[in-house]
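Trainee: Got a structure for you, written out below as structure tokens; questions coming shortly.
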Amino acid sequence: MKTIINRILILIIVLTSCNTFAQNNHFVQNGIIEFEKKSNMYALITKKIKGETDSYYQAAFESYKKTNPQFKTTKSILSFSKNKSLYKWVETNQSASNSWIADDAMANLKNVIATDLDTQTSITQKNVYDDLYLVKDSLRKIDWKITDETREIAGYECRRANAIVLDSVYVVAYYTIQIPFAGGPESFTGLPGTILGLAMPHENMTWFATKVTEIPVSDKDLAPPINGKPTDNKGLNKILLDALKDWGKWARKTLQAYSL
């Protein structure tokens, strides 16, 4: 009798352990990820007016700080299923600052991006000031360097990876293998799991997931944008170079923003 009881106890322990293992290794195949983007506007404005001797710039900055927080926060969602995704921004009733000194292309960026990992292509709707473009091109190849550093984001264990994009923009990403879709916010892909955290330290911006909801996502929910002047990355880059040729020191930063 004692032997039988011991065997039953062992079986219960094994089954419990297997169940726990299965739960801890559940892979999310489809769903919606909510992201929060934070832009350090005080740091961005400080860089913008650096070297300007006119007191008008500093006065405008001080006026901005009196009515606006240090961090501008915007929300976006990534819907994904299998090897496709749609990244878009959440519309809010929050009034935006109309201060010219806070006008920053990267902080204001609100691309809509449809990604297809099977074909390694994307369709991006970009609002470039008064013009709307539909950019169809192959996915950016990113030379990620995976590290041993980990952190938890939205309840998922994530591993850190670093990269340089657009020749000089340093990027830190945190991805989880528990969501095997190899995409993330904006146009960042190419890691062995979904990017739940993204930071551009020198650009003073971060994107971090706040919630992951595992639900069915239909093809309709992943339909790419269709409005905008058709072009590719090379074509848009030429358009931007021509438009920004007289922008001086602000041209490079603006070009980087619209090239993401």
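The values are calculated or read from the model by the stated rules, or taken from the named source; none is laboratory data. Being a predicted model, the structure only gives us computed values, none of them experimental. Neighbour counts run over all protein chains shown; Cβ positions are idealised from the backbone, glycine included. Only protein heavy atoms, including side chains, enter the accessible area calculation; ligands, DNA and RNA are left aside. Shrake-Rupley method; radii C 1.70, N 1.55, O 1.52, S 1.80 Å.
Trainee: If Lys and Arg each add +1 and Asp and Glu each add -1, what is the summed charge of the other residues whose beta carbon sits under 13 Å from the beta carbon of Leu191?
Mentor: That works out to +4.
Trainee: Of the cross-linked pairs Lys47/Lys136; Lys65/Lys141; Lys47/Lys126; Lys48/Lys75, which ones have a Cα-Cα span greater than 31 Å in the structure shown?
Mentor: The answer is Lys47/Lys136; Lys65/Lys141.
Trainee: What does a probe at Thr46 reach in region 201-238, counting residues whose amide N is under 19 Å from the point 7 Å along Cα→Cβ?
Mentor: 201-206
Trainee: Which one, Tyr156, Leu166, Ala105, projects farthest toward the positive side of the charge dipole computed for region 88-179 from Cβ point charges (K/R +1, D/E -1)?
Mentor: Result: Tyr156, furthest along the dipole toward the positive end.
Trainee: Any idea which of Gly197, Thr254, Leu244 is furthest toward the positive side of the dipole for the chain, if Lys and Arg beta-carbons carry +1 and Asp and Glu beta-carbons -1?
Mentor: Of the listed residues, the answer is Gly197.
Trainee: Tell me the accessible surface of Ser138 in square angstrom (1.4 angstrom probe, heavy atoms of protein chains only), to the nearest ten.
Mentor: Ignoring ligands and nucleic acids, Ser138 comes out at about 70 Å².
Trainee: Next up: Given a 1.4 Å probe, how much area per residue of the chain is accessible, in Å²?
Mentor: 58 Å²
Trainee: For an R0 of 35 angstrom, estimate the FRET efficiency from the Cβ-Cβ distance between Asp118 and Tyr57 and round to the nearest 0.05.
Mentor: 0.10
Trainee: Regarding the chain, what's the average projected area of the Cα-atom convex hull, expressed in nm²?
Mentor: Mean orientational projected area (the chain, Cα hull): 18.8 nm².
Trainee: Provide the gained length on full extension for the span Ser218 to Asp143, in nm with one decimal, where the gain is 0.36 nm per separating residue minus the Cα-Cα distance.
Mentor: Computed gain between Ser218 and Asp143 is 23.8 nm.
Trainee: Sticking with this structure for a sec: Compute the signed sum of charges (Lys and Arg +1, Asp and Glu -1) over the other residues within less than 11 Å, Cβ to Cβ, of Ala102.
Mentor: So the environment of Ala102 carries a net charge of +1.
Trainee: Give me the net charge for the shell around Leu236: Cβ to Cβ below 14 angstrom, other residues only, Lys and Arg +1, Asp and Glu -1.
Mentor: +2
Trainee: In nm², what is the average projected area of the convex hull enclosing the Cα atoms of region 68-160?
Mentor: That works out to 9.0 nm².
Trainee: Sticking with this structure for a sec: Carbon-plus-sulfur fraction of the accessible area of the chain, 1.4 Å probe, in percent?
Mentor: Taking all protein chains in place, the chain shows 54 percent carbon and sulfur surface.
Trainee: Okay, next question. List the GluC sites (Glu not before Pro) in region 66-169 that DSSP assigns to loop (not H, G, I, E or B) and whose Cβ has at most 11 other Cβ atoms within 10 Å. Which are they?
Mentor: Passing both the DSSP loop test and the Cβ count: Glu91.
Trainee: Relative to the longest principal Cα axis of the chain, at what angle does helix 2-24 sit, 0 to 90 degrees, rounded to 10?
Mentor: 20 degrees
Trainee: Now for a separate question. What does the charge dipole of the chain about its Cα centre add up to, to the nearest 20 debye, if the Cβ of each Lys and Arg holds +1 and the Cβ of each Asp and Glu holds -1?
Mentor: Computed charge dipole of the chain: roughly 340 debye.
Trainee: Divide by every residue of the chain the summed helix terms, -39500 (n - 2.57) for each DSSP H run of at least 4, and state the resulting mean residue ellipticity at 222 nm, rounded to the nearest 500 deg cm²/dmol.
Mentor: Calculated at 222 nm, the ellipticity per residue is -8000 deg cm²/dmol.
Trainee: Moving on to the next point. How many angstrom lie between the Cα centre of region 45-94 and the Cα centre of region 198-240?
Mentor: 17 Å
Trainee: Note the angle between two axes, namely the Cα long axis of helix 233-243 and the longest principal axis of the Cα atoms of the chain, as a number of degrees from 0 to 90, rounded to the nearest 10.
Mentor: 30 degrees
Trainee: By how many nm would the segment from Glu157 to His26 grow when fully extended, if each residue of separation counts as 0.36 nm and the alpha-carbon distance is taken off?
Mentor: Extra length from Glu157 to His26 when fully extended: 45.9 nm.
Trainee: If you don't mind, there's one more thing I want to ask. Expressed as an acute angle from 0 to 90° and rounded to the nearest 10, what is the orientation of the C-alpha long axis of helix 55-67 relative to the principal long axis of the chain?
Mentor: 40 degrees
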